[in-house]
Structure formats: structure tokens, C-alpha cells
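Laboratory data are not the source of any read-out in this text; all were calculated from the coordinates shown. Bear in mind the structure is a predicted one, so any value in this text is a computation, not a measurement. So basically every Cβ, Gly included, is an ideal-geometry build from the backbone, and we count neighbours across all protein chains shown.
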Amino acid sequence: MPFDLSKIIRPNIVNLSPYSSARDEYSGSGSILLDANENPFNDPVNRYPDPMQRNLKAKISDLLGTPPNHIFLGNGSDEAIDLLIRAFCVPSVSNIITIDPTYGMYEVSAATNDIPLIRVSLNADFSLNANALLNAVNLNTRIIMLCSPNNPTANLLDRGEMLRIARNFNGLLVVDEAYIDFSGNNGLLEDLSAFPNLVLLRTFSKAWGLAGIRLGMAIASDEIIKILSKIKYPYNINRLTQEYALKTIADPSKKEKWVKTIIEERQNLESELDKLPFLLKRYPSDANFILARFSNAKEVYNFLREKGLIVRDRSKVLLCDNCLRITVGAPNENRLLLHELKNSPF
Ligand SMILES: *Cc1c(COP(=O)(O)O)cnc(C)c1O
């Protein structure tokens with residue numbers, strides 16, 4: 001059965017007509033703007049931002065090599081996750097399948113929308129078992145959410161396994177690629193044209209160093225992007241964010257340098273962590289963080305916290321017994337972390 005988007009979109013979303021803003025009806029320049037009840041003073045922030053983010057999307061399109069009509073921009077990836085659920089999942093009827101462990105936001109967004117979330121465990125080595133996910137699908141499954149590289153396990157998921165899900169599932173396969181820049185891998189960008197049910201999530205929060213401006217994106221077919229755009233808040237990306245993002249992506253060399261440094265630092269952290277006698281296992285990382293199992297995670301966590309070093313305790317998470325998640329910091333921060341760990345009483 002070929003994928004049919006019209007079969008999975010919520011009927012109320014098909015039927016609604018979107019809010020039409022003044023700037024949707026008119027977008028030109030050099031005129032006197034008396035159409036949006038804005039304050040004429042306090043230029044330029046007195047003006048509403050471009051609801052369709054045309055300039056920014058054009059630049060991101062160049063960057064990714066993806067046409068602008070395949071890009072949705074959100075107030076963080078968080079917004080894209082929420083809108084995908086709202087557009088395609090009927091509260092208390094539809095369900096979502098995701099991997100376990102993974103990013104906590106999928107569960108929060110699903111619960112907010114009263115959508116049951118079915119969790120399917122990764123294999124013990126954190127690899128993806130496509131069959132296990134496909135076996136969990138029922139008639140009400142609308143979305144399968146994956147995360148590659150996955151948080152908190154740090155590994156890329158196998159492309160063949162992910163595409164097997166896309167091929168054999170009649171709902172949306174959403175793959176969160178927030179950490180893809182640190183993986184040396186292009187992710188599934190080139191597979192989008194072959195899979196009309198594939199949605200990729202990317203973000204400016206990690207490699208681009210822009211977590212504070214809240215800018216994330218969904219990349220998918222023109223039809224899916226149109227649906228998300230129809231139900232978003234009209235001015236979801238504020239003017240300051242659009243301008244700051246434009247300024248930052250005008251020079252991608254800075255981001256590339258940051259990514260290179262972070263990967264080098266990750267490699268150094270990995271080899272130094274491996275020398276600690278109380279480290280039981282250090283997992284390979286395709287991201288900007290390292291997941292490691294200690295003989296005494298809670299004690300290590302508390303010890304570091306006393307020294308003002310905050311890492312993430314993931315020891316209560318499935319398959320992550322006694323594991324801490326450590327973000328790769330700046331070189332001096334990583335040196336300090338290693339210094340404290342090497343001089344710890346453990
Ligand atoms: C950090 C992170 C994000 C980023 O979310 P934003 O809302 O874009 O800041 C997305 N997905 C995962 C898995 C993350 O860890």
C-alpha cells in the first residue's frame with residue numbers, strides 16, 4: 001500500500017483555514033504600513049516579523065541544498081515535534097511509537113496532546129531493531145519517532161534499518177537529527193525525495209551554538225510542510241531570532257570550526273575517560289556528548305557537583321544503569337573535568 005498523507009492527517013486540520021495575517025495578504029516594500037495595527041515608533045521591532053521567514057528559509061535552503069518549500073522553521077525543534085503530533089494524531093485515539101531510551105520531549109509532547117506513547121527498547125548495544133518497532137504498529141499508529149544520533153545513547157542509528165521502517169509503515173517516520181553535525185554523516189537528507197512519509201528534524205541549538213534564540217526545523221515533503229505551516233502560530237519565529245540566525249549562517253566557517261574542535265575534544269575526553277579505574281564502559285559517540293557507565297554513577301555525579309561540574313545523571317533510564325551523560329565542553333572545561341575525575345577518591 002503506497003503512503004497516502006490524506007489518510008493520516010486529522011480531519012479538523014484538513015478543514016481549518018489558517019489565520020491570515022496582514023503580512024500574508026501584502027508583502028512588498030517601500031510603502032506606508034497601516035495594515036497591522038502596529039505602533040509606528042520603535043523601529044524595527046515595532047513591526048511583526050515575516051510569518052513565512054522567506055529570507056531565512058532561502059539562506060537555509062542554500063546551506064542544506066533543500067528547496068525552501070521543504071523547510072518548516074519552528075520555535076526550537078520542540079515546536080515541530082508538537083505540531084506534527086497535533087496535525088496527525090487524534091487525542092486519546094492515535095498513538096506514537098518511539099525508541100527507549102531517547103529524548104524526553106517526545107513523551108512530554110505526546111502526553112500534552114493525550115497521545116499514548118509506545119516505547120520499544122533499543123538493543124543492548126543501542127542499535128535499532130526495525131522489526132521490533134514495526135511489530136508494535138497498530139491501526140492507530142500515526143508517527144514513529146526516532147533520534148539519530150540518539151540522545152542519551154550518542155550513537156547514529158543504522159540507515160538501512162530506519163529506511164526499512166519508512167518503507168513498511170503507512171504513517172510518518174520522524175527522525176530527529178539534532179546532533180547530525182557531530183557525526184560526520186549526512187543523515188537521511190538525501191532520502192527525503194524517495195520517502196514521502198519521512199520527516200527530519202534539525203536544530204540550530206547544538207552545532208550552530210544558537211540554543212538561546214530557539215530555532216529548529218522540520219524538513220519534509222511540500223505537502224507535510226504546508227500542513228505544519230498552516231497550524232503554526234502566525235509569527236512563531238520572532239524578528240530578533242530571524243535576524244540573528246541570518247547573521248550567524250552568513251558565515252558557516254565558525255560553526256565548522258566549533259564542530260571540529262568539539263569532535264577533537266570528544267576524542268580526547270574518550271581516551272582519558274577510558275583510563276579511569278571506576279569507569280566500566282564508555283559508549284562510542286556520534287554526538288557532542290559521551291555516555292559512560294561507572295561503578296558508582298550517583299557518587300561520581302555528586303562528587304562532580306560539589307566541584308561545580310554539572311553532568312547529567314541518566315542512571316535511571318532504560319539500558320543506562322549507572323550511566324552519566326557528559327557534554328563535551330570547551331577545552332579548559334574538559335581539562336578541569338578530567339583533572340577532578342583523575343583526582344577523585346574513586
Ligand atoms: C537538544 C535536542 C534538540 C534541540 O531542541 P530545540 O528545541 O531545537 O532546542 C532536539 N532533539 C534532541 C534529541 C536534542 O537532544
**Request:** Provide, in order from the shortest bin, the percent of all Cα-Cα pairs of the stretch 297-341 in each 5 Å bin, continuing until the bin that contains the maximum pair distance.
**Result:** 5, 22, 31, 23, 13, 6, 0
**Request:** Would you please give the FRET efficiency between GLU272 and LEU64, computed as 1/(1 + (r/R0)^6) with r the Cβ-Cβ distance and R0 = 41 Å, to the nearest 0.05?
**Result:** 0.75
**Prompt:** Taking the alpha-carbon set of the stretch 191-346, what are its Rg and Dmax in Å?
**Reply:** 19.6, 58
**Request:** Calculate, in nm to one decimal, what ASN140 and ASN332 gain on full extension: separation in residues at 0.36 nm each, minus their alpha carbon distance.
**Result:** 64.1 nm
**Prompt:** With +1 on each Lys and Arg Cβ and -1 on each Asp and Glu Cβ, how big is the dipole of the chain about its Cα centre, in debye rounded to the nearest 20?
**Reply:** 360 debye
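Want the number for ASN37 to ASN186: 0.36 nm per residue separation, take away the alpha-carbon distance, what's left?
Details: separation 149, 0.36 × 149 = 53.64 nm, distance 4.44 nm.
Full extension of this stretch gives 49.2 nm more.
When DSSP beta bridges are limited to those with both residues in the chain, what percentage is antiparallel, rounded to the nearest 5? Show your work: numbers first, answer last.
Numbers: 18 of 36 bridges.
In the chain, DSSP labels about 50 percent of beta bridges as antiparallel.
Step through the table entries LYS206/LYS307; LYS257/LYS342; LYS59/LYS206; LYS206/LYS275; LYS59/LYS254, compare each Cα-Cα distance with 22 Å, and write down the pairs that go over it.
On the way: LYS206/LYS307 25 Å; LYS257/LYS342 29 Å; LYS59/LYS206 18 Å; LYS206/LYS275 28 Å; LYS59/LYS254 16 Å.
Violating the 22 Å Cα-Cα cut-off are LYS206/LYS307; LYS257/LYS342; LYS206/LYS275.
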**Request:** Divide, for the stretch 1-120, the radius of gyration over alpha carbons by 2.2 N^0.38 Å, where N is the residue count.
**Result:** 1.39
**Asked** Efficiency by 1/(1 + (r/R0)^6): what FRET value for TYR26 and ILE231, r their Cβ-Cβ distance, R0 = 22 Å, to the nearest 0.05?
**Response** 0.50
**Request:** Using a cut-off of under 11 Å, list every residue of the stretch 182-197 whose amide N is near the label point 7 Å from the Cα of GLU264 along the Cα-to-beta-carbon line.
**Result:** none
**Asked** In the chain, which Cys residues have no partner Cys with a Cβ closer than 4.7 Å?
**Response** CYS89, CYS147
**Item:** Positive-pole candidate from SER21, PRO67, PRO49, dipole of the stretch 1-107, charges at beta carbon
**Value:** PRO67
**Prompt:** Taking K and R as +1 and D and E as -1, what net charge do the other residues with C-beta under 12 Å from the C-beta of ARG314 add up to?
**Reply:** +3
**Asked** Cα atoms only, the stretch 253-342: Rg and Dmax in Å?
**Response** 12.8, 41
**Request:** Give me the distance between the Cα centres of the stretch 247-311 and the stretch 158-198, rounded to whole Å.
**Result:** 26 Å
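May I ask you to derive the relative contact order of the stretch 211-346, considering only C-alpha pairs under 8 Å and at least 6 residues apart, and to give it as an integer percent?
Working: 133 pairs, mean separation 25.6, N = 136.
Result for the stretch 211-346 is 19 percent.
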**Prompt:** Quick one: in the chain, what % of C-alpha pairs are over 33 Å apart?
**Reply:** 34 percent
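Compute the relative contact order of the chain as a whole-number percentage, counting only Cα pairs closer than 8 Å that sit 6 or more residues apart in sequence.
Working: 575 pairs, mean separation 59.5, N = 346.
In percent, rounded to a whole number, it is 17.
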